[in-house]
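Note sheet for the following structure.
Computed from the coordinates by the stated procedures, all read-outs in this text should not be read as laboratory data. This one's a predicted model, so the numbers in the text were calculated from it and none came from an experiment. So basically every Cβ, Gly included, is an ideal-geometry build from the backbone, and we count neighbours across all protein chains shown.
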Amino acid sequence: MNTKYLDLLAQKYNSEEKVVTEIINLKAILNLPKGTEHFVSDLHGEYRAFQHVLRNGSGKVKEKITDLFQDELSEQEINEFATLVYYPEEKIKLIKNAFDNETQLEHWYIQMIERMLKLISYASSKYTRSKLRKALPSQFVYVIEELLYKTADPANKESYYSKIVQQIISLGQADKLMIGLSYTTQKLVVDHLHVVGDIYDRGPEPDRIMETLINYHSVDIQWGNHDVLWIGAYAGSKVCLANIIRICARYANLEIIEDVYGINLRPLLNLAEKYYEDNPSFRPKVQADERPSKHEELQITKIHQAIAMIQFKLESPIIKRRPYFNMSERLLLENIDYDREEITINGETYPLDNPCFATINPDQPDQLLEEEQQVIDKLLFSVQHSEKLSRHMNFLMKKGSLYLKYNGNLLIHGCIPLDEEGHMEKMTIENKTYGGRDLLDIFEYYLRDAFANPDKTDDLAMDMAWYLWTGEYSSLFGKRKMTTFERYFIKDKNTHKEKKNPYYFLRENEETCREILKEFDLLPDQGHIINGHTPVKEIEGENPIKASGKMIVIDGGFSKAYQSTTGIAGYTLLFNSYGMQLVAHKQFHSKEDVLANGTDVLSVKRLVDKELERKKVLETNIGEELLQEIYILNQLMEYRYMK
Ligand SMILES: O=P(O)(O)OC[C@H]1O[C@](O)(COP(=O)(O)O)[C@@H](O)[C@@H]1O
Ligand SMILES: [Mn+2]
């Protein structure tokens, strides 16, 4: 091994004892049970529901509380305590208001702090002390360790506990300590979070989800098609940009663009006011209790049309300059008879419903008006100069990838494009043909290239970002075509169909899943594919666990707009040292509801896989890294200290 490198390392481990201690520490970690992985997907801006799932660790927090206290606490007390751990700030406030005097409150503090310490001690039993220390609230590390590890005889211990706690109370620090302990518990219960795509679009608060992820202790992201649309927009793709604004208008979420990310929509509004009227096909999709005012709704409807038409026009030159995208069928603006208000698709002619083509020149339908060009240019400038968006998109790039191999499993939002026979579908890009893993790797290469070159707005990398959103061989889209135009303008629902890639029926088949795992150099006996993207319709009896457990689909619809079709409010998956459990969540109403009634969202757990022997860190990705570190430290030991 390079001695320069070892010399450098010796600066950190500058004594024999330090090297030995670290080797022993790492070897000890290898033999601990693996930490709990938590998988979520298709969050679609539903920050509050996501927060709840995160805070209760998909039921794990409650499970640990029940394990510990079922003999001494009633169900209601367990619920109350669980709520305190999920939402400590709010719950403390509520409880404090309910007490008549200081003594009662003090008594409550002592009892709760002791319970929390027990819970932390239990939840951290599979971690090293050093890992627990890192999870503790920094200002209380000393005090908490003192409370956790004092093991004098029980009688003395009790008075010792209450003395320290009374001190904390009299110094006015009890609330802060309890809040810190609650967050520590949440951290300990879930070791690592995977977000299997689609943070953005449809729901109102994707930005707050991003902030949560940025502050989360350990997370990775597999990009979803909607996330890639946002990345593409920020990277300079005008057609991706038109799409994100269109979707925000469609779901009455333009605040995200304007207020959250600070992008000025005034030029777009002016254009919209000039050329568009009310149009039932473009009114925003909102829940009955969230309707905007009439005036606002009209504005959104106009913006929605203006940006949709810009989007359709912008698609055309890309389709023309990239014949291998095989999308000429999507040049729909050219198939319109503007006088008769009809469109011909695949030889079939349909009347156009609620047309709004005031900005279209029938001789050159994809030509942007000067004003439209200016609007989209200004929007792009604004998007690329939004400090917050820049932070969020950089984080998505840093923690994200198109797929991830983690602890033997393959995590992917959409699909692996397959043909009817189950072979990897091939796509030719610039005269080179790719399929399976190679195809995904080249997609990711282009997306990173697009992101690294935000000044180029119509090069191949940028066009590929859009292809990932809507192309037939995109591993994120997984459908033959996106019928956005038809959905707005044609009544006949047959034209709205988006045929899915054969992957979506072949994935029911164990052999197909095994082949896919092999394609990614994973062991088919041990691995699973973890998939998001397509809502699992529990209502119709669809099973999210497919192919004898090799395939797990966790899109149960966090998105409110999709809950009536799925019948639940999302799936999450837990993978700890004992195996994998799928959790189906019932609809989440509000935090206030949980706080007031102690009612948790009921969830149903299903066993996916049970480990025959408890899985250790040694058998995980992190274990592999630790083994390498141990190897290097042994080299250092020989080179420096064993001569
Ligand atoms: O329900 P909406 O908002 O009209 O969206 C429908 C569009 O969304 C898509 O399903 C893609 O979004 P998802 O990744 O959430 O499935 C398209 O295939 C489809 O055209
Ligand atoms: Mn998706």
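Worth pointing out:
- From phi via Karplus (6.51, -1.76, 1.60), per-residue ³J(HN,Hα) for the range 72-79 in Hz, x at Gly/Pro: 10, 10, 6, 4, 5, 5, 5, 4
- 5 angstrom amide H check on Lys616, placed H, neighbours 5+ away: Lys34
- Taking GluC sites (Glu not before Pro) across the range 266-306, the ones in a DSSP loop with at most 16 further Cβ atoms lying within 10 angstrom of their Cβ are Glu277.
- Cα gyration tensor, the range 206-489 - rounded (a/c under 1.5), prolate or oblate: oblate
- Each Lys and Arg Cβ is given +1 and each Asp and Glu Cβ -1; about its Cα centre, the range 474-532 then shows a dipole of about 620 debye.
- Centre-to-centre separation between the Cα atoms of the range 227-303 and those of the range 154-200: 42 Å.
- Computed extension length for Tyr445-Glu370: 23.6 nm, one decimal, from 0.36 nm per residue of separation with the Cα-Cα distance subtracted.
- Tensor-based shape of the chain (alpha-carbon gyration tensor, a/c under 1.5 rounded, otherwise prolate or oblate): prolate
- Stokes-Einstein translational diffusion, the range 59-190 - Kirkwood Rh over all Cα pairs, 1.306 mPa s, 10 °C, in µm²/s: 105
- FRET efficiency estimate (nearest 0.05) - Cβ-Cβ, Glu255 to Glu387, R0 25 angstrom: 0.90
- Dipole size of the range 206-489 about its Cα centre, with +1 on Lys/Arg Cβ and -1 on Asp/Glu Cβ: approximately 780 debye, rounded to the nearest 20.
- Where a label projected 7 Å from the Cα of Glu511 along Cα→Cβ would reach, residues of the range 407-428 with amide N under 16 Å: 419-424
- Cleavage-rule hits, GluC sites (Glu not before Pro), the range 13-110, DSSP coil, Cβ neighbours within 10 Å at most 10: Glu72
- Helical mean residue ellipticity (222 nm; -39500 (n - 2.57) per DSSP H run of 4+; nearest 500) of the chain: -15000 deg cm²/dmol
- Relative to the compact-globule estimate of 2.2 N^0.38 Å, the Cα radius of gyration of the range 262-359 comes out at 1.27.
- Förster-model FRET efficiency, 45 Å R0, Tyr641 and Ser218, C-beta, rounded to 0.05: 0.85
- Point-to-point label distance, Tyr631-Lys294, nm (Cα→Cβ direction, 7 Å offset): 7.3
- Per-residue ³J(HN,Hα) for the range 328-341, Karplus 6.51 cos²θ - 1.76 cosθ + 1.60, θ = phi - 60°, Hz, x for Gly and Pro: 4, 4, 8, 7, 5, 4, 7, 9, 9, 8, 6, 6, 7, 6
- Positive end of the dipole of the chain (Cβ unit charges, origin at the Cα centre): among Ile169, Val196, Pro502, the Cα lying farthest that way belongs to Ile169.
- Comparing Gln384, Pro417, Ser401 along the charge dipole axis of the range 378-487, the residue lying farthest to the positive side is Gln384, per the Cβ-charge model.
- Helix 370-384 axis, angle to the chain major axis (alpha carbon atoms, nearest 10°): 10
- The simple Förster model, with R0 at 45 Å and r as the Cβ-Cβ distance, assigns Lys176 and Lys497 a FRET efficiency of 0.20.
- For the chain, share of DSSP beta bridges that run antiparallel, in % to the nearest 5: 70
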